[in-house]
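In what follows, a structure is listed as structure tokens, so that the remarks can point back to it.
Laboratory data are not the source of any read-out in this text; all were calculated from the coordinates shown. In this text the structure is predicted, and so the values were computed from the model without any measurement. Glycine gets a Cβ as well: all are built from the backbone with ideal geometry, and neighbour counts include every protein chain shown.
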Amino acid sequence: MRPTVGIGIVACLGVFAAVAASVSAQKSPSAPAQSTAAEATARIAGSAQAFLATLDDAGRMKVQFPFDSPQKARWSNFPTGIFKREGARMGDLTPAQRAAAMALLATAFSADGYRKVREIMHGDEVLRTGGGGGGRVTFGEDEYYLAFLGTPSVSTPWMLQFGGHHLAINMTLAGREATLAPSHTAAQPATYSFEGRTVRPLGDENDLAFALMATMDDAQRTQAILGSTMADLVLGPGQDGRTIQPEGLPASKLSAAQQAKLLDLVREWVGIANDGLAAPRMEEIRTHLPQTYFAWSGPTTPGSAAYFRIQGPTLVIEYAPQRGVDHIHTMYRDPTNDYGARYARP
Amino acid sequence: MRGHSGLAIGAALALTLLATADVFAHRTEDYLQAARIGVEPDRIQITLDLTPGTAVAESFLAAIDRDGDGSLSAAEQREYARQMVSAWQLDLDGRSLPTRVRASSFPDAAAVRRGEGTIRLDVEATVPDLSPGSHRLLFRNAHLAGHSAYLANALVPESDRVAVTAQRRDRDQSELTIEYTMPGGSAAASLAGILSRLTAALRLP
């Protein structure tokens, strides 16, 4: 996309300064208290507008959709070549535009959330450099798309959509309120090395779940474990608007320490969002904890491939290994607020 | 627009693959059949999504496209939907419930070949007047048995007159039993329900 050069450079510099401050603030222990939801939304809207300023008219046309456009539900776990995405393709952006796009993501997401998204994208680059793809299928970090539904705003609802193979982040913002539902994270390979360190994009989700299972007594496990195999996500892509019957162990039968572990696990998804947006959402989920269920399918020995689901009145999380531990699909939904259904329309 | 240098990013990353050569291991050689079952006071609603893997796409399309003209006509779609439903068993309290296909959607052949084509059937069964108390719905899917992975789940009922109390599945989820209650159940009504199921069971071969 050909940039409006002067505006683009200035916008990028501004974005980088804002993002640096934002990421730095999020690493501070007291950051959540300092960062209100409304402030977070304002920063994200500002970053989005800065990104838009780097684009020409044609580029902006490509990235912007009406808020209630069908584009909202057009996301997938599949790679390019199987599923066609709309929006700004990372590989088509200039370095300055791409930097502004990534700066927006760093503002919208927490430090951990941004790391997770980058690691999922790196994982797809691993597939590409490892000889994956071929034919119609294309992998790699260039194959991720950014789109806006509605106009980035500090008050009226709009949506930031970022996704590609194994990633679909649908963040709807409306002033003080925001939701990541529905969002899909996944990983293949689930473990790879990068700059000399081992990377597991969804490793914490896996480890925290097995750690929770390890604390359960026989009676709790009996109730939590479903007696059937789980071939895939139940509420994955294309399953909007459905609410399945909760199953498994009610969180009310967990000890306080176990409930804390369950919330730590939930935070792996909720906490992808900027801390200012994630904190009120975690509080909402904590409030519904007595009506929340934890279900498990598969072995309980760490390192095994096991499915789990966390479901409450406003929450569905699924973690579904795909025939082994090196290919994981996950889903995060809010049956009451997917795509910000609760928010007033612009 | 101009292309971004994917090569430069690749070199900078210096990534090393630890995993095995299981590249793009999405489902390929079998079918995923996912059933969501809504239990309401007067009806049972079943939505079934059938997604063929890429490796079985051609044989799957050929099985539907009986005249081999390359397109899936309305008649061919209806016939395939009929075949699918005929391989189901739906029993309420031990008695078979007749089903009817309310709607179906078939993807185009290209989507099936890409592995993202899903056939969706919306099927409904009318529930006769039920006594208050406990009831048991059995759904069994034998379509493409041996070549399918199954998911089966009860939906949260739309009506507050129905409460799902348990779901039991076989190992591969080709079979799901949903236990539910209707309000107003008394001990006598529950007993009547049990007797009704027992009577129905005794009628079975």
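Order by neighbour count: B:Asp93, B:Asp30, A:Asp334, A:Asp207, fewest other Cβ atoms within 10 Å first, most last.
By the 10 Å Cβ count, ascending: A:Asp207, B:Asp30, B:Asp93, A:Asp334.
Tell me whether the range A:190-346 comes out rounded, prolate or oblate; compute the Cα gyration tensor, take square roots of the eigenvalues as a ≥ b ≥ c, and use a/c under 1.5 as the rounded threshold.
Since a/c stays below 1.5, the shape of the range A:190-346 is classed as rounded.
Divide, for the range A:33-141, the radius of gyration over alpha carbons by 2.2 N^0.38 Å, where N is the residue count.
My calculation over the Cα atoms of the range A:33-141 gives 1.19.
Would you mind telling me which residue in A:Ala219, A:Ala101, A:Ala88 has the biggest mean-square fluctuation in a Gaussian network model of chain A, where springs connect alpha carbons within a distance under 10 angstrom?
Sorting by GNM fluctuation, first place goes to A:Ala219.
For peptide A:79-90, how many partner chain Cβ atoms fall within 10 Å of a residue's Cβ, on average?
Counting other chains' Cβ atoms within 10 Å and averaging over A:79-90 gives 2.
Just need the relative contact order of chain A here, percent rounded to a whole number, with Cα pairs under 8 Å and 6+ apart.
19 percent
Sorted by packing (mean other beta-carbon atoms within 10 Å per residue), highest first, where do B:45-52, A:106-113 land?
Highest mean packing first, the order is A:106-113, B:45-52.
Determine the shielding of peptide A:303-311 by partner chains: average, over its residues, the number of Cβ atoms on other chains within 10 angstrom of each Cβ.
Counting Cβ atoms of other protein chains within 10 Å of each residue's Cβ and averaging gives 0.
Just from the alpha-carbon atoms, what are the Rg and Dmax of the range A:239-317 in angstroms?
Considering the range A:239-317 through its Cα atoms, Rg and Dmax are 13.0, 36 Å.
Among A:259-267, A:139-147, how do they line up from the highest to the lowest mean number of other beta-carbon atoms within 10 Å?
A:139-147, A:259-267
Which whole number gives the average, over all residues in A:267-273, of C-beta atoms from other chains lying within 10 Å of the residue C-beta?
Mean shielding by partner chains, rounded to a whole number: 0.
Quick one: pull the percentage of alpha-carbon pairs in chain A with a separation above 34 Å.
Value for chain A: 22 percent of Cα pairs lie more than 34 Å apart.
Once every DSSP H run of n ≥ 4 in chain A is given -39500 (n - 2.57) and the sum is divided by its residues, what mean residue ellipticity at 222 nm do you get, rounded to the nearest 500 deg cm²/dmol?
-12000 deg cm²/dmol
Please name whichever of A:Ser304, A:Thr222, A:Met102 sits farthest to the positive end of the charge dipole of chain A, dipole taken about the Cα centre and charges placed at Cβ: Lys and Arg +1, Asp and Glu -1.
A:Met102
How far apart, in nanometres, would the label points at A:Arg242 and A:Ala257 be if each is projected 7 angstrom from Cα along the Cα-to-Cβ direction?
Simple spin-label model gives 3.9 nm for this pair.
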